[in-house]
Amino acid sequence: MAVWSTVDVSELGHAQRIEADYYRPHYLEVSARLEAVKSVPLTRHLGYLTDGTHVTPNYVPQGVPFLSSSDIDPFIVSPVIEKFISEAEHLRLRHCQPDAGDILMSKSGRIGSCAVVPASIKKGDWNIYEGVALLRVDGVEPHYVAAFLNSKYGHSQIRRELKGVAQPHLHLEDIRRLKLFVPEPHEMAEVSALVLGGTGRAQCAHRLFQDALAALETELGLDKLTIQKTVGYATQLSNIEVSRRFDPEHYFPAFSTFCAGLPSRVALSPLVNHLEFCQRGKQPVYAKTGLPVINSKHVQPNRVILEGNRFALANPVDDLQIRAGDTLINGTGRGTIGRAAPYISDTPAVADNHVTILRSSSLDPAYLSLYLNSAAGQMQVEMHQRGTSGQLELYPFDIRKFLVWPAPGELQRDLRDLYDKATKAERESKRLLDQAKTRVEQLIEAAVQP
């Protein structure tokens, strides 16, 4: 069905935008509501606005955490930052060092996602790349501002201001054009409390996940393992004959070093001995309704994302339907290959052809996921993956060769208990943060009423 808007020529000159998308009915409705509640320009409460360096820095293995747009989710700054810059480069980039209470906004990728820098971070602890904007606000609660910007009234304004088609982008002058609804102080405090509660539960969930992983790695002796990077290494011709692999990465001695130092109580065995099913999904038949599709971006370390998924028809092969209790592992892509997560939802799902389904009656899915995401699992991912950097593959027949520890039932139950507590904290976090956005929208809609 066609949708269009009619605007005066005078409005085109005021906005200096002529593309039709800028005048979509939804955007005009949001603009009219914000005008009706006498919102104020965001600049009135902006004490400082900048973005990160536009020059690609020299990354170092350890140093000052360097945030990019992929580290900014709605309300949450990633607890695991994977890029670092040197102290010297950090000092040179003084203008873009976030402080506690600053708001970070993604300008690329997941554009418009906003999160407040936690109170535990002080200026000088982090630095940011060009895809992240830094907003320092005055006279309003930063957690309220983040909730407003993540709500439909903030997000719609941000989407409207985007420029570009193939690669949409947001400039600082676009952020300055945003409007902000400022409620009564007690209402602002109410929203801020919800945001703080939600981010606090998210931090708790991360700690519990880390505790579970650390407990497993301690049992495996990984906390004491040291791998020396060698210039070269050798293998037996018989190993090549058995594996039929000629790529040197397959023979890197990290995993064999780990196996040699295993505690006496730990005995590894082939994963295939513990599996009833190990197969990749098939190309989904997409539909408007049906079962959620799980692809590699939905399989994050130890968690499956079930938000915003596309739908597909049920797979005619029942075993290829994802069930509660399965473990999923990504089979392709640099940065995603080898990520594993348990599927704990009671709703069946469809795996696409980049995700492998593991089904075991003897290994708890949360335990197996933790093991595969630990250093013990990831060393085997690097050992068994095939292909070049352009297209890495981890095939089911190689996954079956992984060596795993069938841990005692008590340990598996203890780790599952930590996992369940973490996922409960995640659900509570999502509920509180969704409630914060909803409350902002309710305040605006109530103020519009005559």
Of residues in region 178-190 being out of contact with any His (no Cβ under 7 Å at 6 or more places or on another chain), in contact (Cβ under 8 Å) with a residue 60 or more places away in the chain and not aromatic (Phe, Trp, Tyr), the one surrounded by the most Cβ atoms within 10 Å (Cβ to Cβ)
Leu178
If Val145 passes every condition in (1) of a type in the set (Val, Ile, Thr); (2) within 21 Å of Glu190 (Cβ to Cβ); (3) part of a loop (DSSP other than H, G, I, E, B) but one, which one does it miss?
(3)
When the residues of region 425-437 are filtered to those that are in contact (Cβ under 8 Å) with a residue 12 or more places away in the chain and either over 13 Å from Asp73 (Cβ atoms) or in the same structural domain as Phe148 (by TED's automatic domain parsing) (or both), which remaining residue is surrounded by the most Cβ atoms within 10 Å (Cβ to Cβ)?
Ala436
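Is one or more of the residues making up region 223-232 basic (Lys, Arg), over 16 Å from Phe402 (Cβ atoms), out of contact with any helix residue (DSSP H, G or I) (no Cβ under 6 Å at 6 or more places or on another chain) and touching a residue at least 12 places away in the same chain (Cβ under 8 Å)? Please lay out each step first, then the result.
Residues of region 223-232 that are basic (Lys, Arg), as a first pass: 224, 229.
If we keep only those that are over 16 Å from Phe402 (Cβ atoms) as well, we get 224, 229.
If we keep only those that are out of contact with any helix residue (DSSP H, G or I) (no Cβ under 6 Å at 6 or more places or on another chain) too, we end up with 224, 229.
Imposing the further condition that a residue be touching a residue at least 12 places away in the same chain (Cβ under 8 Å) reduces the set to 224.
Yes, region 223-232 has at least one match.
Please verify whether Ile399 is buried (at least 21 other Cβ atoms within 10 Å of the Cβ) and in contact with an Asp or Glu (Cβ under 7 Å, 6 or more places away or on another chain), treating the condition exactly as stated. First the steps, then the outcome.
Details: buried (at least 21 other Cβ atoms within 10 Å of the Cβ): yes; in contact with an Asp or Glu (Cβ under 7 Å, 6 or more places away or on another chain): no.
Judged against the criteria, Ile399 is not a match.
Just name the residue that is surrounded by the most Cβ atoms within 10 Å (Cβ to Cβ) out of those in region 307-320 that are assigned to a loop (DSSP other than H, G, I, E, B) and in contact (Cβ under 8 Å) with a residue 12 or more places away in the chain.
Asn315
Residues Val304, Val272: which one is among the aliphatic types (A, V, I, L, M), modelled with pLDDT of 95 or more and exposed (fewer than 15 other Cβ atoms within 10 Å of the Cβ)?
Numbers: Val304 fails: exposed (fewer than 15 other Cβ atoms within 10 Å of the Cβ).
After ruling out the rest, the residue left standing is Val272.
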Against the conditions (1) of a type outside the set (Gly, Ala, Ser); (2) assigned to a helix (DSSP H, G or I); (3) buried (at least 16 other Cβ atoms within 10 Å of the Cβ), where does Arg44 fall short? Just the number, please.
(3)
When region 30-60 is checked residue by residue, the ones that are within 14 Å of Asp102 (Cβ to Cβ), under 25 Å from the mean Cα position of the chain (by Cα) and hydroxyl-bearing (Ser, Thr, Tyr) are Thr50
Name the residues in region 411-424 that are more than 14 Å from Arg207 (Cβ to Cβ) and surrounded by fewer than 16 Cβ atoms within 10 Å (Cβ to Cβ), would you?
Leu411, Arg413, Asp417, Asp420
So, of the residues in region 275-289 that are within 25 Å of the chain's Cα centre (by Cα) and not in a strand (DSSP E or B), which turns out to be surrounded by the most Cβ atoms within 10 Å (Cβ to Cβ)?
Gly281
If you scan region 269-299, which residues turn out to be in contact (Cβ under 8 Å) with a residue 24 or more places away in the chain and farther than 27 Å from Gly333 by Cβ?
Ser269
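The values are calculated or read from the model by the stated rules, or taken from the named source; none is laboratory data. Every value quoted in this text rests on a predicted model; they were computed, and no experiment measured them. Using ideal geometry, Cβ is built from the backbone for each residue, glycine included, and neighbour counts are taken over all protein chains shown.
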